[in-house]
Amino acid sequence: MASKTPRKDKDGNVTSYQIEVYRGRDSEGKKLKPYSMTWQIPEGWKSENKIKKELDRVAAQFEIDCKAGSVPLEKKTFKQYSDYVMELKERDFKHRTIHRYKEVLVRINEEFGHVKLTDITGLHLNRFYMKLGKPGANKRTGEPLSSQTINQHHRLIHMIFAQAVKEHIFMYNVADTATPPKIEKHEAEFFELEEVLAIRDALIQQPLKWQAITDLLIDTGARRGEILGLQWENIDFKNNKIEIQGNLQYTPEQGIYLEDSTKTDEDRTVTIAPEIMRILAAHRKEQLQYKLQCGDYWIETGFCFTQEDGTPMYPSQINGWQQKFSEDYSLPYIHPHKFRHTQASLLYFSGEDPVTISNRLGHKHVSTTQNIYGHIMKGADERASNKIASMPYRRNSPNSKAK
């Protein structure tokens with residue numbers, strides 16, 4: 001039954017009632033904040049019986065509405081509630097994920113951060129998504145946002161409203177009533193074998209550190225942060241293997257940091273070509289010599305690839321160096337992730353199965369590998385089919401007779 005608490009003015013006269021309805025307890029047994037509303041006594045009402053009768057009616061209806069899930073719990077704005085959700089999710093999500101969410105929230109809050117959470121409708125969201133798809137949405141380039149980026153906004157909004165549903169603020173997810181644009185799929189670009197050979201030929205003239213970084217990207221298909229996260233204790237020179245344990249990341253709030261695990265939440269061991277291990281060993285020797293020359297200037301961190309003082313590198317340094325490298329040698333545009341796609345294509349065309357490829361790339365699910373590289377798999381399948389078609393099915397023609 002709803003509780004009714006009188007509220008008095010400075011003269012001691014009852015002017016309103018605070019009506020509250022019990023909401024129950026959460027999964028940890030803590031009492032949830034009750035549903036609440038204020039009923040103001042209409043001006044001129046003096047009859048206590050009349051006031052009591054109307055108060056009872058309002059309270060009873062409020063309780064019915066609460067049980068039906070049609071009464072909003074909060075009067076918070078979208079920004080206030082989204083800030084709360086971000087704080088809540090920081091316990092479970094990786095730092096770079098939260099950082100990206102907060103970047104996206106800036107644009108969302110500019111649109112309706114001031115609006116009450118419970119006033120937002122699918123119409124608000126649809127208009128917002130259409131606005132993002134128009135020229136000028138990207139303030140840096142003046143271009144529209146891609147369908148993929150717009151869907152990133154939608155997924156974040158959906159997550160925020162999902163929390164509101166979980167807390168019984170809504171009976172349904174408002175984001176489910178909106179229609180984000182269909183994602184335009186872009187095929188992952190990769191280097192042809194001849195291009196890889198040209199890159200490796202040009203690498204011979206580069207510092208050992210950059211030879212090793214680029215060769216490892218090509219040979220492992222690892223993410224750039226995973227290569228920069230390698231420490232010498234992860235290198236098994238005897239058996240030509242490396243163990244990928246972490247992913248080096250950077251955000252302005254946290255600086256350079258090493259995540260404890262990769263996307264699969266599991267370490268993975270990758271076999272490396274002997275010639276690349278020799279380059280890595282030569283780089284190790286060179287680093288040790290440089291360390292002795294630096295003396296106290298050197299900061300020991302144990303990373304394979306460092307800045308001049310021994311501290312970890314910024315992930316973006318790989319992009320900057322490889323872009324200049326490709327321009328200096330008139331090579332195709334080089335992006336670290338393109339080597340990842342190249343590794344996948346080489347493995348597919350060599351006949352490796354999706355599970356092996358997924359494990360080497362560090363995907364949590366084989367379906368992720370198949371979704372990203374579906375067009376490559378199709379090409380590999382067509383090549384396999386052509387090979388099968390060229391094979392004879394019988395040693396003898398149908399008309400030949402055994403002798």
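Bear in mind that the values in this text are calculations on the coordinates, not laboratory data. Worth saying up front: this structure is predicted, and the values here are computed from it rather than measured. Please note: Cβ atoms are built from the backbone with ideal geometry, for glycine as well, and neighbour counts cover all protein chains shown.
How big is D for region 139-224, in µm² s⁻¹ as a whole number, if Stokes-Einstein is applied with the Kirkwood radius of its Cα pairs at 37 °C and 0.692 mPa s?
188 µm²/s
Cα-Cα pairs above 24 Å in region 216-340: how many percent?
Details: 2379 of 7750 pairs.
That fraction is 31 percent.
Using the Karplus curve 6.51 cos²θ - 1.76 cosθ + 1.60 with θ = phi - 60°, work out ³J(HN,Hα) for each residue of region 315-323 in order, rounded to whole Hz, and write x for Gly and Pro.
Taking θ as phi minus 60°, the curve returns x, 5, 5, 5, 4, x, 5, 5, 5 Hz for region 315-323.
Under 10 Å from the Cβ of GLN148, count the other residues' Cβ atoms, weight Lys and Arg +1, Asp and Glu -1, and hand me the total. Mind showing how you got there, number by number?
Values: positive: LYS185; negative: GLU184.
Its environment carries a net charge of 0.
Can you give me the Rg/Rh ratio for region 3-68, using Cα atoms for both radii and the Kirkwood formula for Rh?
Result: Rg/Rh = 1.07.
According to a simple spin-label model (label point 7 Å from Cα along Cα-to-Cβ), what is the distance in nm between LYS285 and LYS8?
Computed distance between label sites LYS8 and LYS285 equals 9.1 nm.
For the pair TRP45 and ASP260, how long in nm is the line joining their label points, each one 7 Å along Cα→Cβ?
So the label points at TRP45 and ASP260 sit 5.7 nm apart.
Long-range amide H contacts for TYR35: which residues qualify at under 5 Å (H placed 1.01 Å from N, peptide plane, sequence gap of 5 or more or a different chain)?
Distant-sequence amide H within range of TYR35: VAL21, ARG23.
If Lys and Arg each add +1 and Asp and Glu each add -1, what is the summed charge of the other residues whose beta carbon sits under 13 Å from the beta carbon of ALA162?
Neighbour charge sum, excluding ALA162 itself: +1.
Which order do the peptides 155-162, 38-45 come out in when sorted by mean C-beta neighbours inside 10 angstrom, highest first?
Put in order of decreasing packing, that is 155-162, 38-45.
Just to check I understand the Karplus step: with θ = phi - 60° and J = 6.51 cos²θ - 1.76 cosθ + 1.60, what whole-Hz values come out for region 114-121, glycine and proline as x?
7, 7, 4, 3, 6, 8, 6, 10
Would you mind checking the pairs LYS4/LYS76; LYS79/LYS185; LYS31/LYS67; LYS94/LYS238; LYS10/LYS46; LYS76/LYS134 and listing those with alpha carbons more than 25 angstrom apart?
Going by Cα-Cα distance, LYS79/LYS185; LYS94/LYS238; LYS76/LYS134 fall outside the 25 Å limit.
Which log10 I(q)/I(0) values does region 78-177 give at q = 0.10, 0.12, 0.14 Å⁻¹ under the Debye formula, counting every alpha carbon as one identical point scatterer?
Listed by q, the Debye log ratios stand at -0.26, -0.38, -0.52.
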